[in-house]
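Worksheet: one structure, shown below.
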Amino acid sequence: MPAFSLDPPQTAWCAELRAVAAERLRPLAEKGEPGHVNRALVAELGQLGLLERLFTSGAVDLCLMRESLAYACTEAETALALQGLGAHPVYAHGTPAQRERWLPRVADGTAIAAFALSEPAAGSDAAALELRAEAGASEPVAEPDGGARWRLTGEKCWISNAPEADFYTVFARTIPGAGARGVTAFLVPADRPGLTGTGLDMLSPHPIGALRFDAVPVSADDVLGEIDRGFRVAMGTLNLFRPSVGAFAVGMAQAALDATLAHTAERDAFGGKLKDLQTVAHQVAEMALRTEAARLMVYAAATAYDEGATDVPKRAAMAKLLATETAQYVVDQAVQLHGARALRRGHLLEHLYREVRAPRIYEGASEVQRGIIAKELYATREAAQ
């Protein structure tokens, strides 16, 4: 795998994204209500052409967008990422009719997408999901309920953009007791009868909720990909987005590091500047070292994805694991070096401290990533024997 470095156009684009995020997106984010979809912010992302790039760019560009936006406006980064996560299965596996109906609206920011995989008893163990797709009519027919072939019954939880999304990529069990097999992905519009939801009050400010499915009708026209092979849809989406979760984390780490550099260079302490204390200087160096190492692994994984490498699952897991754990460390150390001021509501680091915790859990917790890495390593060894 060749070393990754930005070319001049990429560098300029990242600088432009940071400026746009600070000048145009952050004011909209500040007007939003925590825990709710900020439709004005999403619409602005659409006007800027950033949402359309979710479907026209590769993994490296996705990472560049997420890192650059996260540096200046985490809310804008998250809004963009959630549109991509919810809509990518439609882009990659949808029928022409599904794509024509939803993707233009996702791209212009007028339709909110959501990825509904996790359940109350199936978070990290996604293969244990229990939302049931129970057989209805044998084939779609002209009935008032849309001609349901299945009815979805059960719950989803910890779903970003729920319950305010306009449609959900929903993963349901079509073969009981089959583990990762026997799961089907469905595109479910939010106005389907029997689909309800509630918001959850979470540590981070972006919208997360729970969904309840009470015999929600779906037909063959709603299937994404192949029947009983929806887990591949889920894992394919996560293999793309896991490195970019790492990019989100790197953006937060870089913002915390830059704030720390400014603070320690200006802060008077013990007869000099805070940066003159060896313990402080060494701590800042460690923060920078870990941030750069995480960045390199993120973009190596993204490059592997774009080049169609065979070890993408391992690299994606490594990138997410290292970057999210690194960001937690860097932000925590930044808070420590800033002191009490960093704990005051509204301070950049207070905001980052709340934002940085969740990525170590969602889209596969750190423990899950370690399991994936080990599984891939042993599989590679066995294949070589």
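The values are calculated or read from the model by the stated rules, or taken from the named source; none is laboratory data. Predicted model only: the values in this text are computed from it and were never measured. Please note: Cβ atoms are built from the backbone with ideal geometry, for glycine as well, and neighbour counts cover all protein chains shown.
Residues that are touching a strand residue (DSSP E or B) at 6+ places or on another chain (Cβ under 9 Å), under 12 Å from LEU224 (Cβ atoms), buried (at least 17 other Cβ atoms within 10 Å of the Cβ) and of a type in the set (Gly, Ala, Ser) are absent from region 97-111 altogether. Of the residues ASP201, ASP191, ASP214, which is outside the structural domain of THR95 (by TED's automatic domain parsing), of a type in the set (Asp, Glu), farther than 20 Å from VAL90 by Cα and in a loop (DSSP other than H, G, I, E, B)? Residue meeting the stated conditions: ASP201. Annotation note: Cβ proximity below 8 Å between a residue of region 294-318 that is assigned by TED's automatic domain parsing to the domain that holds TYR329 and more than 15 Å from GLN369 (Cα to Cα) and a residue that is crowded, with 19+ Cβ neighbours inside 10 Å and of a type in the set (Asp, Glu) (sequence gap 6+ or interchain) occurs for ARG295/GLU67. Is it true that PHE231 is among the aromatic types (Phe, Trp, Tyr), in a helix (DSSP H, G or I), closer than 29 Å to ALA293 by Cβ and within 23 Å of the chain's Cα centre (by Cα)? No; evaluated as a whole, the condition is false for this residue. For the condition part of a strand (DSSP E or B) and either in contact with a Leu (Cβ under 9 Å, 6 or more places away or on another chain) or not hydroxyl-bearing (Ser, Thr, Tyr) (or both), ARG295 does not qualify.
When THR153 is tested against (1) under 30 Å from LEU51 (Cα atoms); (2) modelled with pLDDT of 95 or more; (3) of a type in the set (S, T, N, Q), just one condition goes unmet, and that condition is (1). You will find that of LYS275, LYS314, LYS320, the residue that is of a type outside the set (Asp, Glu), in a helix (DSSP H, G or I) and buried (at least 23 other Cβ atoms within 10 Å of the Cβ) is LYS320 and no other. The test for being buried (at least 24 other Cβ atoms within 10 Å of the Cβ), closer than 30 Å to LYS314 by Cβ, of a type outside the set (D, E, K, R) and not assigned by TED's automatic domain parsing to the domain that holds LEU238 does not hold for ALA76.
For region 50-62, filtering for residues that are in contact (Cβ under 8 Å) with a residue 40 or more places away in the chain and closer than 19 Å to PHE115 by Cα leaves 6. For region 90-120, the set of residues classified as assigned to a loop (DSSP other than H, G, I, E, B), within 12 Å of VAL223 (Cα to Cα) and β-branched (Val, Ile, Thr) consists of THR95 only.
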